[in-house]
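Right, one structure below, let's go through it.
Quick note: the coordinates plus some simple rules give every number you see, no bench work behind them. Just so we're clear, the structure is a prediction, and the values are computed from it rather than from any experiment. Counting neighbours? That spans all protein chains shown, and the Cβs are built from the backbone with ideal geometry, glycine included.
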Amino acid sequence: MKQSGGNVVEEARRAALEVLRHNARGPCDGLPRTAGWGYPEPYTRDWMISALGILSSGDDELIRVVRRVLDALARTQSRNGMISSLAHNPADLGASDTTPLFLIGAACYRRQTGRASYLKSAVGRALTWMRFQSPEDNVLTAQQPTTDWRDEQWVMGYGLYVNTLVHCYLRQYGMHDQADELCRLMTRFDIPRDGRQEYVHNGLAVGDKPYYALWSYKMYGSERFDLLGNCLAVLSGLAPRRRARRIVDWVESECDALRRAGRLALPLPPCFFPYIEPGDPDWRDRYGQFNRPGDYHNGGVWPFVCGFYVAALVAAGRRQLARLRLKQLAELVRPAGERDVAFGFNEWFDAIEGRPRGQDWQTWSAAMYLYAVECVERGETPFFDGIRSAAWDGAAAGSRRT
C-alpha cells in the first residue's frame, strides 16, 4: 500500500467527510447515495450503520442527512412495522437486519440530539414487528438465507449478527429484562469443545475457540467466524470482558496464520473465515461466481467492518493495538478501484491479493472510518458504552441471584 508522509489518519478523516458530503444527495427523492458513483440509491442498512460515524462526528450538516433517511424510512415503513431495504421504496422488503438497524439508528439520533420521542410511532411499530420474528416466541430472532447484509451468503435460523443488533436496541430502549434473556440464550452460539466441524480449522491455528458461531438453529449451525457479529458482541457487552479480550487475541492469531499460509495479503482481518472452499459441506455452486474464497462475503476485507473491529479493540481495552489498526485502516481506504481520488474508500478488498474490488467512495466505508477515529481518540465507543455497561451490570446481577 502507498504510504503517506503526513498524518494519514487525519488525511483520511478529512477525505471521509468529503465523501459523505458528496454522497449527501442523490437522484432518489433527494435522499443520499450509498456510493459516490456506483450506488445512487439510499440503502437502509448502509445509512443506518453510517449513522454511528456521522452522529459521533458532530457534523451538523451530515446529521441532518441522517434525519432525512430516518424520516423517509418512517414514511415507507410497512403496515406491520417492517423497514424497507431502500429508504425511498416501500416495496423493497425482505431484509432481516433493516428493522433492527432502524431502531438502533433512531435511538442513536435521539441520544445525540436530545429528541427523546423522535419517530415514536414508527419506533413502536418496528418494535412490534421484531417481537414476531422468533419461531420460539422468545427474543432470539430468526432469518432466511441471504437476508442480512451478506446477500451472497447463507446464514440460516438464528444468526449472530442480527441477534447482536437485537441486543443493542433492547438495551437502547430500556428493555433490559429481554436483553438479559438474550444474553442467556447466547450459549447457543458457543463453540462446542467436542464434535467440532473439523473443516473449519483447515490450515489455521487450532485451539480453544472463544468466539461466537456464525449461526445456530436446533441441532444445526456453522462454526465459521463472523467478524462483524463478534465485534458487535464485544461492543454491546454480550461478550463479558474476559471473553472480549480472548476474541481479539484469537482474531489476531488466526489472521497471522492466514498470512503465513498466503491466504491474507492485508493487515486487517477478513469479514469471514475460514473461507468456504469448493467441496466444503456449506459450499454452494453460486459461490463459484459471486462468493469465491477470500472474496466478497466469503472472506473479503470490508473497511466498514474493520471500523467496527477498531472500535471493538477499544472496547476490549486494547487501545495500543486499536491505534495501529486505525492507521492501517487509513492506508486501506486509500486505494481506489476506478476513480482518480486521493482516498478511494472502496467497498471491499480481495483478501488474498489485497486489491480493491467494490465501489469507490462507499458511504459506510467513510462513515465507519470516522467512527473508528472517534473511538481511538476518545478512548471510548460512542453509543455502545452505555449498552455494554448495562449488559455487564445485568450479567453481574444474574450471577448474584444464582
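The P(r) of region 241-355 has a tail past 26 Å containing 22 percent of all C-alpha pairs.
Between Arg357 and Asp29, 0.36 nm times their residue separation minus their Cα-Cα distance comes to what?
On the way: separation 328, 0.36 × 328 = 118.08 nm, distance 2.87 nm.
That works out to 115.2 nm of additional length.
Ignoring aspartates and glutamates fewer than eight residues from Lys120 along the same chain, the ones with Cα atoms less than 13 angstrom from its Cα are Asp71. The label point for Asp256 and the one for Gln328, both projected 7 Å from the Cα toward the Cβ, are 1.2 nm apart. Note on Asp71 and Gln320: with the Förster distance fixed at 45 Å, the Cβ-Cβ geometry gives a FRET efficiency of about 0.65. Put in line by how crowded their Cβ is, counting other Cβ atoms within 10 Å and starting with the fewest, Leu103, Leu313 read Leu103, Leu313.
Not counting the cut sites, what is the longest span of the chain without GluC sites (Glu not before Pro) that DSSP labels loop and that have at most 12 other Cβ atoms within 10 Å?
Details: sites that count: Glu136, Glu338, Glu353.
Result for the longest clean stretch: 137-337.
If neighbour count is taken as other Cβ atoms inside 10 Å, put Val155, Val310, Val8 in order from fewest to most. Don't skip to the answer; put the middle values down first.
On the way: Val155 25, Val310 29, Val8 20.
Ranking Val155, Val310, Val8 by Cβ neighbours within 10 Å, fewest first, gives Val8, Val155, Val310.
Could you tell me which chymotrypsin sites (Phe, Trp or Tyr not before Pro) in region 57-132 are loop residues by DSSP with no more than 14 other beta carbons within 10 angstrom of their beta carbon? Intermediate values should be presented prior to the final figure.
Working: sites: Phe102, Tyr109, Tyr118, Trp129, Phe132; in loops: Tyr118, Phe132.
Listed in order of number, the matching sites are Phe132.
Placing dummy labels 7 Å off each Cα toward the beta-carbon, the span from Asp190 to Trp37 is 5.1 nm. Shape call for region 253-309 from the C-alpha gyration tensor, a ≥ b ≥ c root eigenvalues: rounded (a/c under 1.5), prolate (a/b greater than b/c) or oblate? Oblate, since a/c reaches 1.5 and b/c is not below a/b. Using 0.36 nm per residue and subtracting the Cα-Cα separation, the extra length available between Asp60 and Thr113 on full extension is 18.1 nm. Need the list of aspartates and glutamates near Lys327 for cross-linking: C-alpha distance under 15 angstrom, and skip anything on the same chain fewer than eight residues off. The reachable aspartates and glutamates, counting only those whose Cα sits under 15 Å from Lys327, are Glu10, Glu11, Glu374, Glu377.
The length gained on full extension between Arg286 and Glu136, counted as 0.36 nm times the residue separation minus their Cα-Cα distance, comes to 50.9 nm. As a proxy for reagent exposure, Cys306, Cys168, Cys108 were ordered by neighbouring Cβ count within 10 angstrom, fewest first; the result is Cys108, Cys168, Cys306. Within the set (i) -0.28, -0.61, -0.75; (ii) -0.34, -0.70, -0.84; (iii) -0.56, -0.78, -0.87, the number that log10 I(q)/I(0) by the Debye sum over Cα atoms at q = 0.07, 0.10, 0.11 Å⁻¹ takes when calculated for this structure is listed as (i). A Förster radius of 30 Å, combined with the Cβ-Cβ distance separating Ala397 from Thr128, puts the computed FRET efficiency at roughly 0.60.
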